[in-house]
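The structure appears right after this line, and notes come after that.
The values are calculated or read from the model by the stated rules, or taken from the named source; none is laboratory data. Remember, predicted model here, so these are calculated numbers, not experimental data. Glycine gets a Cβ as well: all are built from the backbone with ideal geometry, and neighbour counts include every protein chain shown.
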Amino acid sequence: MELTLDDFLLVSGLLFAIGFAGVLLRRNIIIIFMSLEIMLNAANLSLVAFSRFQVQANGLPNYNGQMLVFFIITVAAAEVAVGLAVIVALYRARQTTHVEDISSLKF
Amino acid sequence: MTAILFWIFSALMLGFACAVVLNRNPVASALSLVISFVGLAALFVMLNAYFLGVIQVLVYAGAVMVLFLFIIMLLDLKAEERRKMNIGVLAGGVAVAAAFVLQLTTIIGDLPYGSRAFPPLRLDTVQNPGILNDVQNVGRILFSGYNLPFQVVGVLLLVATVGVVVLSKRELK
């Protein structure tokens, strides 16, 4: 059986759905953060697949998609650092990582 | 052969992604996340994106996982105690994710070139003289077409570093 672009997009979509369900279902702020990373990486997988399946005239994959993935990985690393610092500051103030205990901004 | 490996690594990636969401212990979730991302790196290599595969392992298995584990152990988080789940939230979350998957499966066959097999690359020097390897190609494009975004990302990393230091100070003045 030959692999097609659809297979990669399906796997990428399933990975995104798992991360999405994690954000909606879990109440631990660190697990929510990990699920966000999963969703970012699902987008990366579909970008790399599109890049590979669009071969250019010089016989190389389309590197523009891979560039976007490179920038996404960089921004995600910065985001993890800042987000975890915020979580530590929050834990210092409230002694909890449970999102339902953090409701002072809730209307 | 490629198809078998693809499905093995996809199953590994999706299975451990499920484990991230389902585990009650945050340390187990963080380690499952790493295995899931190693599976993703294998898929990148399968798609001839060797540089991104290496970067994925370095950044996620190296840096991000260590950061997550460090924070989990710094805060000394135990396995979450079972709380009464809000049944509406549970049903809503599952329904939205299931609706997304359903929409995906109906739309996935409609892409005009979606059912095309791997188009061949010309990667050897006989067919394509003067070809560079993957890292050299990425570097050339990064420093020519994407030079400004690359430098902006450098500034972003600097800002993130300064921001983390400020946030981690004991008290904000």
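For this structure, a couple of remarks:
- Among the residues making up the stretch B:153-173, those that are over 22 Å from the mean Cα position of the chain (by Cα), in a helix (DSSP H, G or I) and of a type in the set (A, V, I, L, M, F, W, C) are B:V155, B:L158, B:V159, B:V162, B:V164, B:V165, B:V166, B:L167.
- Selection status of B:F118, exposed (fewer than 12 other Cβ atoms within 10 Å of the Cβ), in contact with a helix residue (DSSP H, G or I) (Cβ under 9 Å, 6 or more places away or on another chain) and farther than 20 Å from B:N23 by Cα: no
- Qualifying residue in the stretch A:80-100 (condition: more than 21 Å from B:P26 (Cα to Cα), small (G, A, S) and either under 15 Å from the mean Cα position of the chain (by Cα) or within 8 Å of chain B (Cβ to nearest Cβ) (or both)): no
Yes/no per residue for (1) outside the structural domain of B:W7 (by TED's automatic domain parsing); (2) surrounded by 13 or more Cβ atoms within 10 Å (Cβ to Cβ):
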residue: B:L47; (1), (2): no, yes
residue: B:F51; (1), (2): no, yes
residue: B:L67; (1), (2): no, yes
residue: B:L74; (1), (2): no, no
residue: B:A97; (1), (2): yes, yes
residue: B:N137; (1), (2): yes, yes
residue: B:Y146; (1), (2): yes, yes
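- Taking the numbered list (1) surrounded by 13 or more Cβ atoms within 10 Å (Cβ to Cβ); (2) at the interface with chain A (Cβ under 9 Å from one of its Cβ atoms) in turn, B:M85 passes all entries but (1).
- Residues satisfying the stated conditions in the stretch B:28-51, i.e. more than 20 Å from B:I8 (Cβ to Cβ) and within 10 Å of chain A (Cβ to nearest Cβ): B:S29, B:A30, B:F51
- Subset of the stretch A:28-84 (residues that are closer than 30 Å to A:D101 by Cβ and part of a loop (DSSP other than H, G, I, E, B)): none
- Of all residues in the stretch A:45-79, those satisfying the criterion of being more than 7 Å from chain B (Cβ to nearest Cβ), among the hydrophobic types (A, V, I, L, M, F, W, C) and over 14 Å from the mean Cα position of the chain (by Cα) are A:F50, A:A57.
- Test: residue in the stretch A:95-106 that is part of a helix (DSSP H, G or I), within 30 Å of B:G92 (Cα to Cα), aliphatic (A, V, I, L, M) and modelled with pLDDT under 90: yes
- Among all residues of the stretch B:53-74, there is none that is in contact with a Gly (Cβ under 9 Å, 6 or more places away or on another chain), farther than 18 Å from A:L5 by Cα and at pLDDT 90 or above.
- Taking the stretch B:69-122 as the range and being aliphatic (A, V, I, L, M), in contact (Cβ under 8 Å) with a residue 12 or more places away in the chain and under 20 Å from A:G22 (Cα atoms) as the test, the residues that pass are B:L69, B:I72, B:L77, B:A79.
- Residue within the stretch B:135-146 that is aliphatic (A, V, I, L, M) and more than 7 Å from every other protein chain (Cβ to nearest Cβ) present: yes
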